[in-house]
């Protein structure tokens, strides 16, 4: 079944029901098929730890970098942060 965009907007609930029951629905604009309305397929559960052992985080990961602080705060503010003042 091919329906135009305005008809699909007006009858979306009916079209969803048709697709759910196995009907093929294509939405077109100016008689050009754009999209197929298809039922959702569950992808499955994500696997936690899939990158374990593949990424190494350096020991100084959470240390401040004075060059970056200068870019964000300017030279004076970066110097204060380096001395431990806020």
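A short reminder: the numbers here are calculations on the coordinates, not readings from a lab. Not measured: the values here are computed from a predicted model.
Report for the chain the percent antiparallel among DSSP-assigned beta bridges with both residues inside it, nearest 5.
Of the beta bridges lying entirely in the chain, close to 60 percent run antiparallel.
Please work out the ratio of the alpha-carbon Rg of the chain to 2.2 N^0.38 Å and round it to two decimals.
The value comes to 2.32.
Once you have the Cα-Cα distance between residue 29 and residue 55, take 0.36 nm times their residue separation minus that, and quote the gain in nm to one decimal.
Between residue 29 and residue 55, full extension yields 4.7 nm more.
Once fully extended, how much extra length lies between residue 16 and residue 62, figured as 0.36 nm per residue of separation less the alpha-carbon to alpha-carbon distance?
Stretched fully, the residue 16-residue 62 segment lengthens by 11.6 nm.
If contacts are Cα pairs under 8 angstrom and at least 6 residues apart, what is the relative contact order of the chain in percent?
18 percent
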